[in-house]
Every structure is written in structure tokens, then in C-alpha cells.
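Step one of this worksheet: look at the structure below.
The values are calculated or read from the model by the stated rules, or taken from the named source; none is laboratory data. Computed from a predicted model, the values in this text were never measured in an experiment. As a convention, Cβ positions derive from the backbone with ideal geometry for all residues, glycine included, and neighbour counts pool all protein chains shown.
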Amino acid sequence: QLAARTASPIEHEAIESELADLSDKLRSARREQLLQRTFDRYLPTAIDEARATRITTLAHDTLTNQPTWVIDNVRHLYDNHQLKGRDVADLATRIIQVAAHCDLHGQPPIPWPALPAPTVEVAGPGIELG
């Protein structure tokens, strides 16, 4: 049977020193783990990589084999004299966004492209001299 005995001052000091050292190591490990978890949030996950790959595939397929909705909407922009002023990269990005929407929902968002706000011409009051 084990008998309880008190530690000598030297043993007590060694135990306290060891506990303090272990406490410091544990605190440092927790801090490092928290830091690692914080920065891991900003790294791409497998889901992010799969999503990027899918969007790249959609972009390639949509821009090389234009579906009818792309042709119809580019024609709409052309017919309404909106195509000439459009930024090509912006238009391609918008087409890819719509392609991703089609992939997810099965149809393009309505309306696409967004129709411009109607302009109303108002004749100003005329001044007649004479």
C-alpha cells in the first residue's frame, strides 16, 4: 500500500518548475494552434477548388460553344446599340456568371441582360420672341 509522504523542498521546487514549463509549452501550443486555424480560414478548400474548376469549365464551354441564350443576348445588345460601348472582359464575366446561374438553376436569370432604364424625353418650355 502506498503511504502518503510530503515532498522535500527540493522536490517541491522541481515539481513546480516542471509544471510551469509544461504550462508554458501548452499555452504556446494552443496559441500556435489558434494562429494556424485563423490563417487556414483564408486558404482555399477542396470545395473552393472544385467550384473554381467548374466555373472554368463552364466559362470555356460557354465562350467556345455559345448556347442560344448567349447569341440572343449579344444580338440584343447589338440591336440596341449597347454592344459597342461594353467592356469585353466585363461582358465575358457577365456571360460566365449567367452560365453558372444556368448550371445551378437550369435557366438564365430573367431578364438578362438587364434592360436599360427607359428614357423619357421632355420638351422644355419654348420662348417666342417677337
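Computed quantities for the displayed model
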| item | result |
| --- | --- |
| Given (1) at pLDDT 90 or above; (2) more than 30 Å from ALA92 (Cα to Cα); (3) of a type in the set (A, V, I, L, M, F, W, C); (4) surrounded by fewer than 11 Cβ atoms within 10 Å (Cβ to Cβ), index of the condition ILE47 fails | (2) |
| Residue within the stretch 32-41 that is acidic (Asp, Glu) and surrounded by 10 or more Cβ atoms within 10 Å (Cβ to Cβ) present | yes |
| The stretch 67-94 residues that are basic (Lys, Arg), paired with ones that are part of a helix (DSSP H, G or I) (beta carbon under 8 Å, 6 or more apart) | ARG86/LEU77 |
| Conditions (1) surrounded by 11 or more Cβ atoms within 10 Å (Cβ to Cβ); (2) within 30 Å of LEU91 (Cβ to Cβ); (3) among the hydrophobic types (A, V, I, L, M, F, W, C): number failed by ILE71 | (1) |
